[in-house]
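Okay, structure first, notes after.
Read-outs throughout are calculated quantities, based only on the coordinates presented, and are distinct from any laboratory measurement. Note that this is a predicted model, so its numbers are computed, not measured. FYI the Cβ positions are ideal-geometry reconstructions off the backbone, even for glycines, and counts take in every protein chain you see.
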Amino acid sequence: MKTSIIGYPRVGALRELKFASEKYFKGILPVEELQQTASQLRSANWKLQQENGVDFIPSNDFSFYDGLLDTSCLLGIVPQRYEALGLSPLETYFAMARGYQGDKGDVKALAMKKWFNTNYHYMVPEIDDTTDIRLTGSKLFDEFTEAKQLGITTKPVLIGAFTLLKLARFTGSKQAKDCVPAIVEAYKAVLSQLNTLGAAWFQLDEPALVTDLTVEDIDLFTELYNGILSAKGGVKVVAQTYFGDIRDCYQALQALPFDGIGIDFVEGKQSLDLVRKHGFASEKVLFAGVLNGKNIWKNQYKQTVALVREINKHADQVVIGTSCSLLHVPYTLKHETKLTAANKQYFAFAEEKLRELADLKLILAQASPEASTLYTENEKLFSASRLTNDNSVQKRVAALTDADFTRLPVFAEREAIQKAKFNLPLLPTTTIGSFPQTAEVRANRAAFKKGNITEEQYKQFNFDRIAECIAQQEEIGIDVIVHGEYERNDMVEYFGECLDGFIFTENAWVQSYGTRCVKPPVVWGDISRSKPITVEYSAFAKSHTNKLVKGMLTGPVTILNWSFPREDISLKESALQIGLAIRDEVLDLEANGIEIIQIDEAALREKLPLRRSDWQCEYLSWAIPAFRLVHSGVKAETQIHTHMCYSQFSDIIRDIDAMDADVITFEASRSDLAIIDTINECGFRTEVGPGVYDIHSPRIPSVDELKQGLNRMLDKIEVSKLWVNPDCGLKTRGVTETWASLKNLVQAAKEIRATL
Ligand SMILES: CN1c2c(nc(N)[nH]c2=O)NC[C@@H]1CNc1ccc(C(=O)N[C@@H](CCC(=O)N[C@@H](CCC(=O)N[C@@H](CCC(=O)O)C(=O)O)C(=O)O)C(=O)O)cc1
Ligand SMILES: N[C@@H](CCS)C(=O)O
Ligand SMILES: [Zn+2]
């Protein structure tokens, strides 16, 4: 049995690419050295896979920023405004990724969106009527050749034509179907060149196939591939799907002349049934995703062997592999010096997953797999208890009743009480919580972690920053003040570190977008809070101002979605446990005089199932109550805010209202305020703060521009319900632009107030 990898992480085990890229952006690393770092990382990845006996090793899974952006650049999908800068190809690429401000012009970055149900973000391809789609780049071929020169024949990988068109933004009159002829020709040209280079296999990633498809979608897919596959020549083509099953197009895929189909048997609930029911074409290879590509837990060989046996009954040629690219897991356990051996023995990051695939290959080659030592050792691990239980937590969850999920009095009554108590002006101004995490703020934390400064010194530094931040918020006239979140490395990792039941790593970084990475904590056992987490920072902030201070927490769904979850209990159970822990924190903040508390649910939509039919039963039915549990115990006069970003909200707007927060702030400026229409149409009762400017850019919005945005909002939203705030937290922004932008925001709110 052969093994295949769909894609491998690329930031480097110690984030070498991130550091090199950021130095290059600052102009302190020559491009040649950046390229050299990239080349070393690629070569290390290929060699590691080779050493682990991987038969289908991917190339072109490397990216300086994002794989979909690479695909756009390969196929000439580069909007004119970037071409017009007259930069080098790599500089143009980074201008599309990050925006450009310099001698050659001033352009914003392409839009960025969440990659399916992951915490990875892609750059949205932008196609207008002048876009000349054709093969213009060479990265795919260069990296194939680079690996070949190392003696490794790889399987080049590219995002497929269907997924590319489904995720693209069409800014002119052309739609996806109008682009079919050009796209087909471009992919045919890719195949022709791969033939010339002697590639044996070519992987086209088509994750969009696991979403709900219409008849038109399937027609589009079929039309695209009838065209593209006519140029296969000697190259075998695999349509690689992941993140779910392909129930809507299983037979369409079988009917097309693909040489292989990649199917996810981990997240694909119906994958096995589809294969059982319809069989699998004997001339095609089934690339079976049987090893979880998203989790960090060791594979249970017993289950996987049984699964592969079952798949083998229905397909003649099976290759086993990961369920998706390993991009979504950290590199290796090798650099984890603080995890105990007892913890580590349960984990498999990317490198360890390669070992697991090699084990499975060996085990499956045995006449009686169950007798092999690799198999029995693995069984021994899984039959022992991990000792993760905390009975008091479990009892607390079991004792929850409907009343614990219901805040009283009802929204309208609370709203009146809070308006009378707070006496805020119309269009109150606030921010989302974090202020710039400057090099000094991070260096202070790094010094504390390394033991170079005491806890007292560490905290004092943060208290000083809070005091400064409050003074500046007061000076520019922000109505509801925050402390700035200086004590947090990340809005989720921080809470993971402060709660019992989580464990955390030193180097288990996962790329979130571009050079930005996150280090998700691991849910190890039952979760509880042994002591207050944020109270001293919020109380300190309150003691420094007469203005209202907003306490700042992360909600249970986001903590869970941005952690590596347990798999021995349900997500619902973990969410309720976290919900109870955060509820205790909410009540402590309230008891310490914090009258407004924001509970961020930035990632609420992230794990919404990709298929609409699963939304309620599998997710929203527990995710929304988990949030309600957190705040149902507060007094009527305590105002609960929540915040969401990076998401589409329209299709779950009623569920968002049902979270029963008093105020919600969310990302809106990049989606051209589309959400406002939805709010207007659906009778949304929660007060709202749609972001009036994009915090992902260093650009300073002018007062006029902000007023225009606010006036557009006022056309659709009652003035008594509208808050004024940026899109999201300011942690990635520079100090100067932050205060300049906020000053303009306050000025815009004041000028509009004066006209009301
Ligand atoms: C809102 N977003 C978030 C997502 N997921 C999360 N888990 N958290 C989020 O906030 N998903 C959607 C978006 C994605 N957005 C971002 C935005 C910004 C980052 C980011 O800045 N990441 C940082 C790492 C953050 C962090 O943990 N920093 C540590 C420092 C770690 C470090 O690099 N230390 C250095 C030494 C530092 C020094 O000496 O100054 C070292 O170890 O070498 C901290 O603050 O303590 C990044 O750099 O990528 C991510 C997602
Ligand atoms: N309170 C967080 C939310 C980010 S989504 C912040 O301001 O960074
Ligand atoms: Zn946000």
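Taken over segment 299-439, the convex hull of the Cα atoms encloses 302 Å³ per residue.
Going from the fewest other Cβ atoms within 10 Å to the most, the residues SER528, SER72, SER138 appear in the order SER138, SER528, SER72. Judged by the mean number of other Cβ atoms found within 10 Å, the most tightly packed of the peptides 622-634, 117-129, 349-361 leads the ranking 622-634, 349-361, 117-129.
From the largest down, segment 448-567 spans 47, 36, 34 angstrom on the principal axes of its Cα atoms.
Its relative contact order, with pairs defined as Cα atoms under 8 Å and 6+ residues apart, puts segment 636-695 at 38 percent. Out of every Cα-Cα pair in segment 229-328, what percent are more than 20 Å apart? The proportion of pairs with Cα distances above 20 Å equals 34 percent.
Pairwise Cα distances in segment 1-118 exceed 18 Å for 59 percent of all pairs. Compared with the rule-of-thumb size 2.2 N^0.38 Å for a compact globular protein, segment 157-223 has a Cα radius of gyration ratio of 1.20. Counting every other Cβ atom within 10 Å of each residue's Cβ, ARG414, ARG134, ARG605, ARG15 order from fewest to most as ARG134, ARG15, ARG414, ARG605.
Using the Karplus relation 6.51 cos²θ - 1.76 cosθ + 1.60 with θ = phi - 60°, the per-residue 3J(HN,Hα) values for segment 739-747 come to 6, 4, 5, 5, 4, 5, 4, 5, 4 Hz, with x marking Gly and Pro.
In degrees from 0 to 90, rounded to the nearest 10, what is the angle of the helix 215-228 Cα long axis to the longest principal axis of the chain? Rounded to the nearest ten degrees, it is 50. Neighbour counts of C-beta atoms inside 10 Å place SER392, SER59 in the sequence SER392, SER59, starting with the fewest.
Other residues lying with their Cβ under 14 Å from the Cβ of GLU185 contribute a combined charge of -1, Lys and Arg counting +1, Asp and Glu -1.
Taking a ≥ b ≥ c as the square roots of the eigenvalues of the Cα gyration tensor, segment 410-731 is classed as rounded, since a/c falls below 1.5. Computed over the Cα atoms of segment 49-162, pair by distinct pair, the Kirkwood hydrodynamic radius stands at 15.5 angstrom.
Axis angle, to the nearest 10 degrees, between helix 139-149 and the longest C-alpha principal axis of the chain: 50 degrees. Our summary gives the chain a relative contact order of 11 percent, counting only alpha carbon pairs under 8 angstrom and 6 or more residues apart. When the alpha carbon coordinates of the chain are projected onto the principal axes, the ranges are 73, 62, 53 Å, largest first.
For segment 564-610, the C-alpha radius of gyration divided by 2.2 N^0.38 Å, with N the number of residues, is 1.44. As an equivalent ellipsoid, segment 59-99 spans semi-axes of 18, 10, 8 angstrom, where each value is the square root of five times an eigenvalue of the C-alpha gyration tensor, largest first. Close amide H contacts of VAL237 (hydrogens built in the peptide plane, cut-off under 5 Å, sequence separation of 5 or more or a different chain): PHE202, ASP259, GLY260. Only helical runs count toward this figure. For the chain, summing -39,500 (n - 2.57) over DSSP H runs of n ≥ 4 and dividing by all residues gives -12500 deg cm²/dmol at 222 nm.
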